[in-house]
Each structure stands twice: as C-alpha cells, then as structure tokens.
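Visitor: Before we start, here is the structure in question, set down as structure tokens.
The values are calculated or read from the model by the stated rules, or taken from the named source; none is laboratory data. None of the values given here were measured: they were computed from a predicted structure. Virtual Cβ from ideal backbone geometry, glycine too; neighbours counted across all protein chains shown.
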Amino acid sequence: MTADHTEHASFDELAVGWALHALEPEDEARFVAHLAGCDRCAVTVAETQDVMAAMATDLPQPEPSEGLLHRIRAAVEETEQLAEPAGVPAAAPARPLRVVAAAPRPAEPRAGWRRAVPMGLVAAAVAAILGLGLWNVVLDSDRQHLQSTVAEQNAVMNSLLAPGRATIAPLKEHGKAVATVVARGDEVDVITHGLSVNDARSNTYVLWGMDGDAAQALGTFDVTSARMALKTVGSGLTGSEQYGTYGISLESGRKAPSRPTGVVATGDVTS
Amino acid sequence: MGAVSTPARRPEDAAGDADVLRRIRAGDPTAIDDLYARFRRPAFALARRILADDALAEDVLQEVFLSVWRDPSAYERGRGSVASWLLAVVHHKAVDAVRREESQRRRRSLAEEEMVLDEPVAARDVEDDVWTRVVSERVRTALGGLSAPQREALTLAYYGGYTQREVAALTGAPLGTVKTRMLSGMRRLKEELGGAVAEMTGGALGAAPTPEPGR
C-alpha cells in the first residue's frame, strides 16, 4: 500500500491542482488520462471541491443585478436540454466526476465572417467557437468514451489551428447555432454542436454551398451524438470557400440529391 | 445520496438542492429559478472575486446556470454535494473568463490578493446572516492556520485564478514545490474545517483512515 501511495503521490497533487483548474496543459492531459480509472483521485477532486466551496463563503456576498435572472430565464426558454448520453447508466455511484466546462451563451448573436486568417489569428476563430460554449470536457469512467471525446476535441482544435486561410460560417436552426462550417483550401469541415442525431441507415445530412437560388452539394455526413464533433465532409473540392451562405439539409437515402429538400440550418459568411 | 452539509448553507439545504436538480433533469424550467435563488449569492461572490468585474461575473453566472439546464447530468450523484459541484463549475468558468480577459484586466498584485484575507468581515456588504458569518469565520480561521506559503499558493489559485506555473513565478518557488503546497494546504484546510466539509472516504485529503505517503 505504502509503495502504491508513494507512487500515487504526484497524482494526489495533480488532483488538487485539477480541481482548482490550475494545472498546466501537460499536467492536465496526464491527469485526465489517469482520473478516468482512479477512484481515489475522483474522491480527492470532490474533497477539494468541498473545501473550495467553503472558501467561497469567505467573501462578500452581494446580490447580482435584477436583470440577471430574467436573462437566465430567457436563455433557458430557448435552450433545449441535452438528452442523457445513451448507454450510460444515470447514477452509477462509482463513476468519477463529469465536468461540463462550458455552456452556450445564446444571448449573443454572432455574425459569421470571412477573414484571411493568418496563423496567429486563428485564435479568434477558436475563441468564437469556444464562445458558442460547446466545449465539453467529459470525464467518464468509460475510457473508450473519454478517449474518443478527447480525440474529437483534438481534431476540432487541429482543424481550427491549421495554418492558412479559412472561411467560417456559423449555421443556425431556428435561431440556435447548431453547426459551424470551416472551409479552408480544398477541404470543408463541419463542426456539429446541436444537430439532431440522424438515422444513418435511412437518411443523411448534406452540406450545401449556396449562391442565390443555386445550391451545390459539398458532401454528406452523419450526426451520431449530441456532443460536438468534427466531420470532414468534402476534400479535393475547389471553390468550396467561395460561397456566401452554407446550408445543411437532412435527406432521405444516403446520397445528396440535386437540390436540397429539407433544409434544417443555414448561415451566412459575412465580411 | 450523500446528503452533506455545505458551508454557508444550512445542512438541510443539501436535500433541497438535490431535489431542485432532479426537477431540472425532468425538464422543469421553473427549477432554474429555485437553483438561482439558492446559489446566486455565493456563485456571484466567487465569480466577482475572480473577475473583479460585476458584468463579467454575471455573464459567468448566466453561462453556468444555462449549462446546468442544458446538461444536468454533468452532476454525478454520489460524489460530493450539488453545492460544491456547482461552485466548482462557477470557479472553472470564472477562471476561464479571467484568462480570456487577461489583456484587459489588470491582474491584482500579490499584495492585494493577500489583503483580502485581512478585510474585516463586518465591513463587507454581508447581510446579517448568522450562519454565513459563523462558517465564514471558520474558513478564515482555517486559512489562518495554513503556513504562509500554503495560504499564498491556494488563495492565488482559487481566488486569483492563477495556474500553478503562474503561482510559482509569483511566489518565486519551484513548480514542484507549489504543487506540494497546494496538496498539503488542502489537507490542512479539510482537517481544520472538519464537519463543515463532507466526509468522504478514500481520497488524498485524508479524513478517511487512508495511510498518507511520507507519514
């Protein structure tokens, strides 16, 4: 036991730092990989959060402004709840904490934009997408799930951080942002963050580049989870960045029709 | 359910918190009002302390309450109280926000961070809430029981939103030392706070009959 604990000591330290949201990225990555399978660390995190909550009481406690509750109510009204992740039992007591690190900020309509994005400025694009609030850090005892979540997020980050010019258009469904198109060079990616899961046996989502009445199918993709995911829908395309408007439709069958039939979300790239 | 008492809130609040969360899970939007009524003040106090800006702090609160509405399953039953979890989410979001706003915000100096601890409670805009006062005194006493470097490391990280490396730079200590101080400081705080924090078993902060390394 003692040897185990000694070996584990560095994770004990990281657990406290993680709960405090104070870890450096490399430590965070190491700890997150470890936490998924470690009950001791899950308890340490919860214990630390308890002490932190106590520390929050050692502060002046003024009232927030009256408008805040109204803003929250309004935002709640137009925000759908996520379905419980399928296949995950609702309350397995041994599961480590799951932390949702971000939430949508619907009160803030974000215009799309087209911008020559030099590498350093891609941060702005990243911030805009993170600002959509879909950056969930999911820690699950299901290691497979965790890894795929981390892999998805890495893919999104890599896509956004790749050097070069990018065209970015947020797409909305009933006023709610559900996807973001990132067109760069000959590749088009869709980051989905709120599109309904489709039945991949009988239908498919299609991404369209739209120009007035004309619509060009850029590629198809499926949505398999409510969580954020990156889909590369087209590559080897030319002129995929030229559109001022992008749209997503849900089509029966597995192929893109010549024209979109059931458009579910659209968004403009504006300069 | 591990119904635990959460500092500054009466022990019976925990069961009510869990109930509010159940209603949110069931899709009842009015439950958000109740959650707000329960937590707006400690949540706002914490976000405001970290961000030093009321408007940004309110943005963080909106983000947090909406995230709870959107995905209430983020709270895992069986690990800590709803209150501790919610305040941890507030802390996390506020620290993210302060890192985003870094360029606009003049980070408070180390001396100012420490001054907060010396502010008399009576001078603060605190309602005459006896329970809050009692627990708050207890936290202050507990913080006072830490070694100066432990207190410095934890208050910079918690109230200041600094990373461990930033804390190391601010305090002139090696990173490894800062990590160790945060763990030992947390252990000490938990011990000092005793019943004010939940009893859990098997974690690194002790309280359980778990042998600790190096003892």
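Visitor: I'm trying to understand the selection: among the residues of the range B:168-187, which are closer than 23 Å to B:D96 by Cα and within 7 Å of another protein chain (Cβ to nearest Cβ)?
Guide: Those that are closer than 23 Å to B:D96 by Cα and within 7 Å of another protein chain (Cβ to nearest Cβ): B:K179, B:M182, B:L183, B:M186.
Visitor: Still on this structure: Return the residues of the range B:82-99 that are of a type outside the set (A, V, I, L, M, F, W, C), at the interface with another protein chain (Cβ under 7 Å from one of its Cβ atoms) and in contact (Cβ under 8 Å) with a residue 40 or more places away in the chain; say none if nothing qualifies.
Guide: B:S84, B:H91
Visitor: Next up: Only strands (runs of 3 or more DSSP E) wholly contained in the range A:170-236 count here; list those with 1 or more residues that are in the same structural domain as A:P260 (by TED's automatic domain parsing) and among the small types (G, A, S).
Guide: Because the criterion is at least 1 residues that are in the same structural domain as A:P260 (by TED's automatic domain parsing) and among the small types (G, A, S), the strands (runs of 3 or more DSSP E) in the range A:170-236 that meet it are A:176-184, A:203-211, A:214-221, A:229-235.
Visitor: Please work out which residue is modelled with the highest pLDDT, limiting yourself to the range B:141-162 and to residues that are farther than 19 Å from A:T57 by Cβ and assigned to a loop (DSSP other than H, G, I, E, B).
Guide: Residue satisfying both the conditions and the ranking: B:S147.
Visitor: Follow-up. Give the range B:27-43 a look and list any residue that's under 18 Å from A:V76 (Cβ atoms) and either more than 10 Å from chain A (Cβ to nearest Cβ) or crowded, with 17+ Cβ neighbours inside 10 Å (or both), or say none.
Guide: Across the range B:27-43, the qualifying residues are B:D28, B:A31, B:I32, B:D34, B:L35, B:Y36, B:R38, B:F39, B:R40, B:A43.
Visitor: Right, next: Check B:R181, B:R108, B:R165 and return the single one that is of a type outside the set (S, T, N, Q) and at pLDDT below 65.
Guide: Exactly one residue qualifies, and that residue is B:R108.
Visitor: What is the one condition in (1) part of a helix (DSSP H, G or I); (2) modelled with pLDDT of 55 or more that B:E113 does not satisfy?
Guide: Every condition holds for B:E113 apart from (2).
Visitor: On to the next question. Could you list, in sequence order, the residues of the range B:138-160 that are within 16 Å of A:L23 (Cα to Cα) and in contact (Cβ under 8 Å) with a residue 40 or more places away in the chain?
Guide: Within the range B:138-160, B:T155, B:L156, B:Y158, B:Y159, B:G160 meet the criteria.
Visitor: Across the range A:184-214, what is the total count of residues that are among the small types (G, A, S) and surrounded by 14 or more Cβ atoms within 10 Å (Cβ to Cβ)?
Guide: The qualifying residues number 4.
Visitor: Same structure again: Scan A:A75, A:A83, A:A33 and give me the residue that is under 20 Å from B:W69 (Cβ atoms), surrounded by fewer than 24 Cβ atoms within 10 Å (Cβ to Cβ) and more than 7 Å from chain B (Cβ to nearest Cβ).
Guide: Of the residues listed, the single one that is under 20 Å from B:W69 (Cβ atoms), surrounded by fewer than 24 Cβ atoms within 10 Å (Cβ to Cβ) and more than 7 Å from chain B (Cβ to nearest Cβ) is A:A83.
Visitor: Across the range A:15-30, which residue is surrounded by the most Cβ atoms within 10 Å (Cβ to Cβ) among those that are more than 8 Å from chain B (Cβ to nearest Cβ) and not acidic (D, E)?
Guide: A:W18
Visitor: Follow-up question, since we're still on this one. Within the range B:39-69, track down each residue that is under 24 Å from B:A15 (Cβ atoms), without any contact (Cβ under 8 Å) to a residue 40 or more places away in the chain and not aliphatic (A, V, I, L, M).
Guide: Listed by number, the residues that qualify are B:R40, B:R41, B:F44, B:F65, B:S67.
Visitor: Residue by residue through the range B:70-81, note down the ones that are closer than 16 Å to B:A14 by Cα and touching a Ser or Thr at 6+ places or on another chain (Cβ under 8 Å).
Guide: Across the range B:70-81, the qualifying residue is only B:S81.
Visitor: Still on this structure, please answer the following. Against the definition (at pLDDT 80 or above, within 7 Å of chain A (Cβ to nearest Cβ), surrounded by 21 or more Cβ atoms within 10 Å (Cβ to Cβ) and over 27 Å from A:Q61 (Cβ atoms)), how does B:A204 come out, yes or no?
Guide: Taking the combined requirement at face value, the residue satisfies it.
Visitor: In addition: Does A:V45 count as more than 7 Å from chain B (Cβ to nearest Cβ), under 20 Å from B:A142 (Cβ atoms), crowded, with 24+ Cβ neighbours inside 10 Å and not aromatic (F, W, Y)?
Guide: Judged against the criteria, A:V45 is a match.
Visitor: Restricting the search to the range A:221-250, which residues are crowded, with 20+ Cβ neighbours inside 10 Å, at pLDDT 80 or above and not polar (S, T, N, Q)?
Guide: Passing the criteria: A:F221, A:V223, A:V233, A:Y243, A:Y246, A:G247, A:I248.
For every residue, the table says whether it meets (1) under 22 Å from the mean Cα position of the chain (by Cα); (2) outside the structural domain of A:G175 (by TED's automatic domain parsing); (3) within 25 Å of B:Q150 (Cα to Cα).
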| site | (1), (2), (3) |
| --- | --- |
| A:A15 | no, yes, yes |
| A:A19 | yes, yes, yes |
| A:V32 | yes, yes, yes |
| A:A42 | no, yes, yes |
| A:E47 | no, yes, yes |
| A:E63 | no, yes, no |
